[in-house]
Amino acid sequence: MITLKVNDIEVTVPRGSTILQAAEKAGVFVPTLCHDKRITPYGACRLCVVEDRKKPGNLIPSCFTPARDRMEILTETPAVLDAVRTQLQLILVNHPLDCPVCDKAGECTLQDLVIRYDIAEAPFGTERFARYVDRRSPLIERDMTRCVLCGRCVRICGELQGRDELEFLHRGYKTVVGTDGGRALDCDFCGLCVSTCPVGALNDKLFKDRTRVWKLQKKTTVCSHCGLGCWVDFHLEKGHLRRITPTVFPDGKKGLICVRGQFGWRAFEGPSRLSAPRVRRDGALRETGWGDAVGYAAKALDEIRRTHGASSLALLTADHLTTEEARACGSIFRDTLGCTDIGSLQAAGYRQILSVLSAKLGPSWEPATLKDLNEAGTLIVLGGGAAELHPTLKPLVNGLMRKEGRELVVLSPWPDTLTRRATLALTITAGYAEDFFAELRGALSAERTHASADIARFGVDTCGLARLISLLGEDRKTTVLVAPDPFGDNLQRARLASLLHGRARSILPLGAQVNSAGALRKAGLSSCGAATDGLSLIEAIEAGRIRALYLLGEDPLETLPDPSRVRAALERLELIVCQSPFETAVTDLAHVILPAALAPEKGGTILSLLGFESEIRPVLPPFGQSRPDREILRDLAGALGTEEPPRIHPPSVMPAQ
């Protein structure tokens, strides 16, 4: 630790901290335009200059200059203020004064600094040249007439997203940010460039020209598009959602976001939302009241249970329930109805992997945390599609790989996103992944009793495999990520991960939906019976054992392969209840439709993949007559003659990113 003074305020910071970080800890404002805590300091804008009292007249860029012990930093000397004002005036030479029509007005860093430092004129001039405005992208507009060349978009795209889609073009005062060849954007559309732009050069086209930022009310919640639990801000105008942005945490650092989180919000008010309960009568689905729809579903479920037994009922959940709702759901279907077939299609792989790891490693085992990821010396990914399942995993891994000496090993049957970033990529022949994981587990196990298989059939490079085994023998704080196969078995990769537990610091199963972790680890709504596997469930329906299917946000027709077979099986059922926010293919076959609220429209507790437990509150009004799942399940329990378990909230904690 070192101690220094900033404007005569003494502050102690870790050795290696920058002067800017020391100033922030002291509560002293230092202007910046090119600084974003998510990426490497760059020093392009030169607005963050400060002065050392021991070296007067020597202006120091504070964002990347390391602080030294016993420094005495001054941030408001005449020389510093004159330099900042001059630099702002130089920036304004090529920046249009069109704040009244710019969508960034009201949250523009440059606008705030110009007002703060009382810049009333731009005395400098230069030869002007035409800068382009690119509106070809469906989601992001690039207006280079407003660009201040801070480089934040270039760096965040390269450092975190790993795409290097944007770069500096030309030289001198003709420098612009663009794509090679001047083409349209062809990237992940993660929105990180939009989130980091300090001015109106990069705009969200779904938000552009819709309203002004000072009319918006901001509400913070957890993104519901996957199980990572990224914190996001919902911006509403008179109850209508206008945009979603990554949350700014108390330390001033912005969170991460992906294309689903930033641009997928229109689905919340889309035409596919279910707005009213419906019941099938005389062969047609007809709108009805909530009491009639829930009563119809409860009566039908009870009659089928009494006639054919509890084994004739099955439940599929998309794991969009809060922990309290999942607990109530388990109470109703397991305790009251005696249902023995419960599962999930969207989170089937995660559930299988988690159950195997829990069984092998014991009840005290805990999945990896964000700290484990950030401190990993070696990251091993078993299976393909990890970053496709959880898009913000990509910037997390890219950020890790920028640290010296880090290793990323990917064992995948196809070249996915992380394969291209890996220091060691082992590509397995398609269709042989589980066999390879079983063989590797046998080779690493001390209890091996059979001869080695022919490794050539797996298509894996033997030198690469030898290097992997060497890495496993080193003390490198190894973390293992287990990515499930969406339509295959995941038993062997889960068993391999459990074997690696003795050599690795932590293991993280992937593939979870918004609250899969909470449903399994907190509410105990684990998979069982034929519903643990989609094909087994269809076979049970075809055999006539399953007579009623309760769907909580799931759609077998859109999830399982061979939809003609799935449709034929579903048509054999005596009862299909769809409790879902959206109208999907299976709703045409349903006997009862119960429109459920989305996660941002209800409250409760959720648990992220990385172990962050958070209490969420409604940030959006219910759509139409839709209701939170807890209310629907409460009424269903009442109609069945039982009571819903009490609702318990832990304290809400916002994790650091």
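The values are calculated or read from the model by the stated rules, or taken from the named source; none is laboratory data. The structure presented is a predicted model; accordingly, all values stated were derived computationally and were not measured. Glycine gets a Cβ as well: all are built from the backbone with ideal geometry, and neighbour counts include every protein chain shown. Side chains are part of the model used for accessible areas, which takes the heavy atoms of the whole protein and leaves out ligands, DNA and RNA. Shrake-Rupley method; radii C 1.70, N 1.55, O 1.52, S 1.80 Å.
The conditions of being closer than 30 Å to residue 599 by Cα, touching a residue at least 40 places away in the same chain (Cβ under 8 Å), out of contact with any helix residue (DSSP H, G or I) (no Cβ under 9 Å at 6 or more places or on another chain) and not hydrophobic (A, V, I, L, M, F, W, C) are met by residue 212. The residues of region 106-117 that are of a type in the set (D, E, K, R) and in contact (Cβ under 8 Å) with a residue 12 or more places away in the chain, listed by number, are 107, 116.
Selection of region 363-376 for residues being over 14 Å from residue 482 (Cα atoms) and open to solvent by less than 10 Å² (accessible area, probe 1.4 Å) yields only 376. For region 443-466, enumerate the residues that are modelled with pLDDT of 75 or more, of a type outside the set (S, T, N, Q) and within 18 Å of residue 499 (Cα to Cα). Result: 443, 444, 465, 466. With respect to the stated conditions, residue 236 is of a type in the set (A, V, I, L, M) and over 18 Å from residue 615 (Cα atoms).
Note on region 585-612: among residues that are in a loop (DSSP other than H, G, I, E, B) and either modelled with pLDDT under 95 or closer than 29 Å to residue 369 by Cβ (or both), the one that is most open to solvent (accessible area, probe 1.4 Å) is 612. For region 206-218, filtered to residues that are in contact with a His (Cβ under 8 Å, 6 or more places away or on another chain) and not hydrophobic (A, V, I, L, M, F, W, C), the residue that is least open to solvent (accessible area, probe 1.4 Å) is 217. Scanning region 102-134 for residues that are basic (Lys, Arg), under 23 Å from residue 213 (Cα atoms) and open to solvent by less than 70 Å² (accessible area, probe 1.4 Å) yields one hit, 104. Checking the structure you have, find out if any residue of region 497-510 is over 27 Å from residue 230 (Cβ atoms), of a type in the set (S, T, N, Q), in contact (Cβ under 8 Å) with a residue 12 or more places away in the chain and in contact with a helix residue (DSSP H, G or I) (Cβ under 6 Å, 6 or more places away or on another chain). So far as region 497-510 goes, yes, one or more of its residues are over 27 Å from residue 230 (Cβ atoms), of a type in the set (S, T, N, Q), in contact (Cβ under 8 Å) with a residue 12 or more places away in the chain and in contact with a helix residue (DSSP H, G or I) (Cβ under 6 Å, 6 or more places away or on another chain). Consider residue 457 carefully, then state whether it is open to solvent by 60 Å² or more (accessible area, probe 1.4 Å), in contact (Cβ under 8 Å) with a residue 60 or more places away in the chain, of a type in the set (D, E, K, R) and assigned to a helix (DSSP H, G or I). The answer is no for residue 457.
From the list 519, 497, 569, 531, the lone residue that is in contact with a Gly (Cβ under 7 Å, 6 or more places away or on another chain) and either among the hydrophobic types (A, V, I, L, M, F, W, C) or buried (at least 22 other Cβ atoms within 10 Å of the Cβ) (or both) is 531. Looking only at region 427-442, decide whether some residue is modelled with pLDDT under 90 and polar (S, T, N, Q). Within region 427-442, not a single residue is modelled with pLDDT under 90 and polar (S, T, N, Q). Of the residues making up region 613-624, those that are buried (at least 19 other Cβ atoms within 10 Å of the Cβ) and acidic (Asp, Glu) number 1. Residues in region 276-319 that are surrounded by fewer than 20 Cβ atoms within 10 Å (Cβ to Cβ), among the small types (Gly, Ala, Ser), in contact (Cβ under 8 Å) with a residue 40 or more places away in the chain and within 25 Å of residue 336 (Cβ to Cβ): 291, 295, 300, 311.
Matching residues to (1) within 38 Å of the chain's Cα centre (by Cα); (2) outside any strand (DSSP E or B); (3) without any contact (Cβ under 8 Å) to a residue 12 or more places away in the chain:
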site: 23; (1), (2), (3): yes, yes, no
site: 31; (1), (2), (3): yes, yes, no
site: 89; (1), (2), (3): no, yes, no
site: 96; (1), (2), (3): yes, yes, no
site: 100; (1), (2), (3): yes, yes, yes
site: 104; (1), (2), (3): yes, yes, no
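Among the numbered conditions (1) at pLDDT below 95; (2) of a type outside the set (Lys, Arg); (3) open to solvent by less than 20 Å² (accessible area, probe 1.4 Å), the only one that residue 341 does not meet is (1).
Filtering region 191-205 down to residues that are among the hydrophobic types (A, V, I, L, M, F, W, C) and either open to solvent by 20 Å² or more (accessible area, probe 1.4 Å) or not in a loop (DSSP other than H, G, I, E, B) (or both), which residue is nearest to residue 101 (Cα to Cα)?
If we take residues in region 191-205 being among the hydrophobic types (A, V, I, L, M, F, W, C) and either open to solvent by 20 Å² or more (accessible area, probe 1.4 Å) or not in a loop (DSSP other than H, G, I, E, B) (or both), then 202 is nearest to residue 101 (Cα to Cα).
Among the residues making up region 500-512, those that are crowded, with 24+ Cβ neighbours inside 10 Å and either of a type outside the set (A, V, I, L, M, F, W, C) or touching a His at 6+ places or on another chain (Cβ under 8 Å) (or both) are 507, 509, 510, 511. The single residue among 393, 424, 418, 411 that is out of contact with any Phe, Trp or Tyr (no Cβ under 8 Å at 6 or more places or on another chain), in contact (Cβ under 8 Å) with a residue 24 or more places away in the chain, under 20 Å from residue 464 (Cα atoms) and buried (at least 22 other Cβ atoms within 10 Å of the Cβ) turns out to be 418. Across region 36-71, what is the number of residues that are under 30 Å from residue 164 (Cα atoms), surrounded by fewer than 20 Cβ atoms within 10 Å (Cβ to Cβ) and in contact (Cβ under 8 Å) with a residue 40 or more places away in the chain? Adding up the residues that qualify gives 9. Remark: pairs (first residue in region 467-487, in contact (Cβ under 8 Å) with a residue 12 or more places away in the chain; second residue surrounded by fewer than 16 Cβ atoms within 10 Å (Cβ to Cβ) and not polar (S, T, N, Q); Cβ separation under 7 Å; 6+ apart in sequence or on different chains) = 477/375; 487/561.
Within region 534-566, the residues that satisfy the criterion of being open to solvent by less than 30 Å² (accessible area, probe 1.4 Å), in a loop (DSSP other than H, G, I, E, B) and farther than 14 Å from residue 345 by Cβ are 544, 546.
Where residues in region 225-275 are assigned to a strand (DSSP E or B) and in contact (Cβ under 8 Å) with a residue 60 or more places away in the chain, which of them is most open to solvent (accessible area, probe 1.4 Å)? In this case the residue turns out to be 254. Reported count of residues in region 163-190, each being open to solvent by 70 Å² or more (accessible area, probe 1.4 Å), assigned to a loop (DSSP other than H, G, I, E, B) and touching a strand residue (DSSP E or B) at 6+ places or on another chain (Cβ under 8 Å), is 1.
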